[in-house]
Structures are given as C-alpha cells and as structure tokens.
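See structure below.
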Amino acid sequence: MVRAGYEEEDIVRVEKLIMDTTFDDDHEISTDLLGGLLCDADMSHLADKPDEFEEKVKNLYMEYKACGLLPKRMTYEDRYRLEPTFLQKHRYHTGIAKFLYGDQDLYDSYAAYLENSRKGRNISYILKRIKDEVGKKDKKKKRIQP
C-alpha cells in the first residue's frame, strides 16, 4: 500500500478495520463506529431467514476448510453443532444492528429473544435441527439392538 501512495496512518487504519472483523476469544470488541459498522455488516447474515442462514453456514464451512482454518477431521456436522454457541456469544456493535437483527440485551428473557429476534430464531432453528438429527440416530440404534 505504501508503493501505491497510501499514508502510513491510512494503512494502520485499514489494518485495524480488518482486525475488527476477526472473532476470537482474545479480540476486543471495536469501540470505533466505522469498525462496529463493518463488523455488523460482516455478521448481518446471522439474522437471515433460516434457509438463507444455513446456506451461508455451509459456504463458510467450505471456505474455512479450503483455507485450512478448520481441523482436517472436522465435518460439516461437527461445525454445525458449534453454531449455536457462536450465535449465543456474538453481540452486534451498533444500535441499529441490535435493533434490526435482534440482540439478547434488548429482551426481557432468553425465551423472548429466541422467539422474537431474527438471530434468536436461527439459534432455535439450529438447536431443533441438531435435536432432530440426534433423535434420528437414537432411533436407528434402537432398531439395530436386539
């Protein structure tokens, strides 16, 4: 970027914005409006309709797998089972995203959040899918046993 004529200050700013979209346990939440907006835009898919959300989860799994960001033995089902925890831990940064997509802090109870927010409904959807899959596997095991 230096060769392209960008100032050092601009380069540092772009690097910070990129790092603001990084999600790990050690990363601090952006207190900067532009960083918060960028993070919220990056994670807006968490509040998509369940079928659209699930499609994006599949695409992200394939992208992460191709880039070597997931353990080699991790299957899509393994990754899918981690999704509710990620959704529950995730928080939007800006007031508009919290309002549009639904943040836990805006609801009186977790049950109200799951029922009424767009992101909460995706958590419920995934948990139900996982429960249904476990139930199917349990039924198959019972059929096999004498």
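Each reported figure results from applying straightforward, stated rules to the coordinates on display, with no laboratory input. Here the structure is a predicted model, which is why all the values come from computation and not from measurement. Note: ideal-geometry Cβ built from the backbone for every residue, glycine included; neighbour counts use all protein chains shown.
Axis angle, to the nearest 10 degrees, between helix 76-89 and the longest C-alpha principal axis of the chain: 60 degrees.
Only one item in [x] 59; [y] 84; [z] 66 matches percent of Cα pairs over 18 Å apart derived from the coordinates shown, and that item is [z]. Other residues within the sphere of radius under 14 Å centred on the Cβ of E63, judged by their own Cβ, net out at +2 (K and R +1, D and E -1).
Label positions at L34 and D105, each projected 7 Å from the Cα along the C-beta direction, are separated by 2.3 nm. Within the listed set R129, R121, R91, the residue fluctuating most in the Gaussian network model of the chain (springs between alpha-carbon atoms under 10 angstrom) is R129. Of K98/K136; K72/K98; K56/K128; K56/K89; K16/K49, which sit over 29 Å apart, Cα to Cα? Going by Cα-Cα distance, K98/K136; K72/K98; K16/K49 fall outside the 29 Å limit.
Taking the Cα atoms only, what angle lies between the long axis of helix 33-42 and the longest principal axis of the chain, rounded to 10 degrees? The angle comes out near 30 degrees.
Springs join every pair of Cα atoms under 10 Å in this Gaussian network model of the chain, and among S44, S117, S109 the largest mean-square fluctuation is at S109. Using a Gaussian network model of the chain in which every pair of alpha carbons under 10 angstrom is joined by a spring, one finds that among Y101, Y113, Y61 the greatest mean-square fluctuation is at Y61. Taking 20 Å as the cut-off, the amide N atoms of segment 87-127 that come nearer than this to a point 7 Å along the Cα-to-beta-carbon line of S44 belong to 87, 90-104, 117-123.
Using Stokes-Einstein with the Kirkwood hydrodynamic radius over Cα pairs, what translational diffusion coefficient do you get for segment 31-105 at 37 °C and a viscosity of 0.692 mPa s, in µm²/s rounded to a whole number?
Details: Rh = 13.6 Å.
The Stokes-Einstein estimate is 242 µm²/s.
Taking the C-alpha atoms only, the angle from helix 118-144 to the longest principal axis of the chain is near 30 degrees.
Using 0.36 nm per residue and subtracting the Cα-Cα separation, the extra length available between T22 and R3 on full extension is 4.2 nm. Using just its DSSP H runs of length 4 or more, each adding -39500 (n - 2.57), the chain gives a mean residue ellipticity at 222 nm of -19500 deg cm²/dmol after division by all residues.
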